[in-house]
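Step one of this worksheet: look at the structure below.
A short reminder: the numbers here are calculations on the coordinates, not readings from a lab. Everything numeric here is computed off the predicted structure, so don't read it as measured data. Glycine gets a Cβ as well: all are built from the backbone with ideal geometry, and neighbour counts include every protein chain shown.
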Amino acid sequence: MSRAVAVRELALLEQAYPQAVTALHYDSPFTLLIAVILSAQTTDARVNLTTPQLFAKYPTPQALGAARLEDVESIIKSCGFFRMKAKNIVAASRALAEQHGGEVPGDRELLEQLPGVGRKTASVVLSVAFGDAAFAVDTHVFRVAHRLGLTLGKTPREVEDDVVKLVPRGKVRFAHHWLILHGREICKAPTPLCGRCPVNEICPSVPIVARALRAAKAGSGPSRRGARAAAARRPGRSS
Ligand code: SF4
């Protein structure tokens, strides 16, 4: 697949998802950072139901950093992995209070030193709160980028590097939202809704998905599970 087609695909997604904003509710870099940490392995909607109570009780890094773990755990319990997340958000808040004057640093290296903050979380905070040219790769972005043929990357970092090369620098901070919204609404796992997809005339996965679904329907090819795996197969992109 050519670079020109890859760029065209991204332009179509940009048109399809002009509201490229995070679904997480936040009102400061601090509340965004905590919401992003809580959002691992759960939905943004679930986090949005949880954070009002959390920030009503602990509105600042100083307050959350001094909280009792059991109290935080009981508030965030529905977000999953609550013990680990409670430990991370309390420790990260304490680090913000003690090492950064209660402010979230707009610097990747410093962000990634905070407990519970990896490259993906740092990228979301940098792009959303600070407007930096950062591109976060989560499970939706990873899957959609492969189906579109934007990358052959085996790791989130490889996918990030490949996609960023296709997007004008001024739009990099929005590109994550194009792919994540598309992954949630249309290019779903395990079965993408290619018939409703604005990119389906040029997406290299369309025949793969169609073949897999035909085989699953006929019951003569791979099992349903196998068909789904085939539907997710990754086409490549040549430069
Ligand atoms: S055409 Fe299908 S596989 Fe390709 S991006 Fe759209 S939904 Fe995903």
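Can you tell me the dipole magnitude for the chain around its Cα centre, using point charges on the Cβ only (Lys, Arg +1; Asp, Glu -1), in Debye to the nearest 20?
1360 debye
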- prompt: Using alpha-carbon positions, what is the distance between the centroids of segment 92-156 and segment 1-58, in Å?
  reply: 11 Å
message: Whole-Hz ³J(HN,Hα) for each residue in segment 202-208, computed from phi via Karplus 6.51 cos²θ - 1.76 cosθ + 1.60 with θ = phi - 60°, x for glycine and proline: what do you get?
response: 10, 6, x, 8, 4, x, 5
query: Any idea what the relative contact order of the chain is, in percent, if you count C-alpha pairs under 8 Å spaced at least 6 apart?
result: 23 percent
Phi-based couplings in Hz for segment 163-169 (Karplus 6.51, -1.76, 1.60; Gly and Pro marked x): 5, 4, 5, 9, 10, x, 3
Environment charge of residue 115, counting only residues whose C-beta is closer than 9 Å and scoring Lys/Arg +1, Asp/Glu -1: +2
- request: Enumerate the lysines that residue 87 could reach by cross-link, defined here as Cα to Cα under 20 Å, with residues fewer than 8 away along the same chain left out.
  value: 57, 77, 120
query: Mind listing the phi-derived Karplus ³J(HN,Hα) values for segment 174-190, rounded to whole Hz, using 6.51, -1.76 and 1.60 with θ = phi - 60°, and x for any glycine or proline?
result: 9, 4, 4, 5, 4, 6, 5, 5, 5, x, 6, 9, 10, 8, 7, 9, x
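Suppose every Lys and Arg Cβ carries +1 and every Asp and Glu Cβ carries -1, with no other charges. What dipole size does segment 29-103 come out with about its Cα centre, to the nearest 20 debye?
Values: 8 positive and 6 negative charges, 41 e Å.
In debye, rounded to 20, segment 29-103 gives about 200.
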